[in-house]
Amino acid sequence: MKKLPLTVLLASIGASIYSVATLAHGIAVPEGSKNLTIFKNVQKNPIASMNVPGVNAYFEDVVGSGSKNAPMACGLFKIEKGKPLVYTYDYDDAKIILDGHIYFSDGTQKVKGQPGDVLFFPKGSTITFSTDKSGVAWACGQRKLF
């Protein structure tokens, strides 16, 4: 086994901790940036509970713009069988179903979102999310990172 100098080892550990810590709550891409940013295997990252009592819903931001005038934030949403989640949007949002299925209701209609389906939720809408197994979606909203 090759031994690394202590400074190289510490720098490597620090970079690893920084990248994991920043990805855990989303990374804001600076306004005006022209650089491509890639986030690999985000579906393997932990998704934090939304902390709604009795509801098995999870959300974790991955990336967002640093724009003050037109913010955008995107992340992973997951819901598992259990009590439905009721959420009122104070921003426009869209989701694409990645895995499983999620039922969405706006009180007028109820649809079953499946992989590849895209749903749009306008600001002010109240949506009920549920599933009889589990579902995962990629979500992007016109909001700042949580």
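Nothing in this text is a laboratory measurement; each read-out follows from the coordinates by a stated rule. A quick note: this is a predicted structure, and the numbers were derived from the prediction, not measured. Cβ coordinates were reconstructed from backbone atoms using ideal geometry, including for glycine residues, and neighbour counts include every protein chain displayed.
Could you check the simple spin-label distance between Asn41 and Tyr91, using points 7 Å along Cα→Cβ, in nm with one decimal?
2.8
Using the basic label-point model (7 angstrom from Cα toward the beta carbon), what is the Val111 to Asn56 distance in nanometres?
2.5
What is the gain in length, in nm to one decimal, between Ser49 and Lys81 on full extension, counting 0.36 nm per residue of separation less the C-alpha to C-alpha distance?
Gain on stretching Ser49 to Lys81: 10.1 nm.
Please compute the net charge surrounding Gly116, taking Lys and Arg as +1 and Asp and Glu as -1 over other residues with Cβ under 15 Å from its Cβ.
Working: positive: Lys95, Lys112; negative: Asp99, Asp117.
Summing Lys/Arg as +1 and Asp/Glu as -1 gives 0.
Based on the Cβ-Cβ distance of Ser67 and Phe120, what FRET efficiency does E = 1/(1 + (r/R0)^6) give at R0 = 22 Å, to the nearest 0.05?
0.60
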